Amino acid sequence: MVRRYDPERRQRIVDAALRVAGEKGIAGLSHRSVAAEADVPLGSTTYHFKTLDDLLVAALRQANEGFASLVRERAEGWGVGADLADGLAALLGEWAARGREGAELEYELYLAALRRPALRPVAAEWCAGIGEELRGRTDPVTARGLVALMDGICLQVLLTGGEYDEAYTRDMLRRVLVNSAAD
């Protein structure tokens, strides 16, 4: 049997895992379901990802990178005098506008860290990475609080089926920033 060189196979497997998880949830994710979606032999999924947790780690990292790159892009455009609350509220609005399905998948992967310890470092990386982007604009404690508030608002929107309210988000972010300035 001739082995084919396929440098994109690992990435196709991660992409397929995200599609399967998006359609069926994490509970529907298996090496077999991902192999079928990626149109690769089952052995390819287990070669690149020994365990399902290894595959979930790669999927969560990729999902995290999408939001992190959006934050980096927008943060670069915020001038010195720009209103951080405005910028963050608009950023979350842009994220929410991409569609509920993608946001639900990102949070399902993120929250899977509650039961899957292998995912916890990746979830922590996400929080730290977003916080790091904000540290150039505020102190580390306030940055952490802003990340927690944004996370909570997004989770509430997803869990309640409500619409994202940019004005509310801006107001809440300003309250955190004003209180941090008063300390």
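Just one of the listed residues (ASP39, ASP53, ASP86) is over 17 Å from the mean Cα position of the chain (by Cα), surrounded by 13 or more Cβ atoms within 10 Å (Cβ to Cβ) and of a type outside the set (Ser, Thr, Tyr), and it is ASP86. Among the residues of this structure, ALA85 counts as one that is within 16 Å of TYR164 (Cβ to Cβ), in a helix (DSSP H, G or I) and not acidic (Asp, Glu). Scanning segment 132-155 for residues being of a type in the set (S, T, N, Q) and outside any helix (DSSP H, G or I) gives a total of 1.
Can you tell me how many residues within segment 43-82 are closer than 25 Å to ARG115 by Cβ and assigned to a helix (DSSP H, G or I)? Total satisfying the criteria: 20. In segment 121-142, the residue that is surrounded by the fewest Cβ atoms within 10 Å (Cβ to Cβ) out of those that are of a type in the set (Val, Ile, Thr) and within 22 Å of ALA58 (Cα to Cα) is VAL122.
Residues are listed down the side, and each one gets a yes or a no for (1) closer than 30 Å to THR51 by Cβ; (2) surrounded by 14 or more Cβ atoms within 10 Å (Cβ to Cβ); (3) out of contact with any Ser or Thr (no Cβ under 7 Å at 6 or more places or on another chain); (4) not assigned by TED's automatic domain parsing to the domain that holds LEU173:
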residue	(1), (2), (3), (4)
ALA68	yes, yes, yes, no
GLY77	no, no, yes, no
LEU119	yes, yes, yes, no
ARG144	no, yes, yes, no
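The values are calculated or read from the model by the stated rules, or taken from the named source; none is laboratory data. Treat the numbers as computed from the prediction; the structure is a model and nothing was measured. For neighbour counting, all protein chains shown are included, and Cβ atoms are generated from backbone atoms with ideal geometry for every residue, glycine included.
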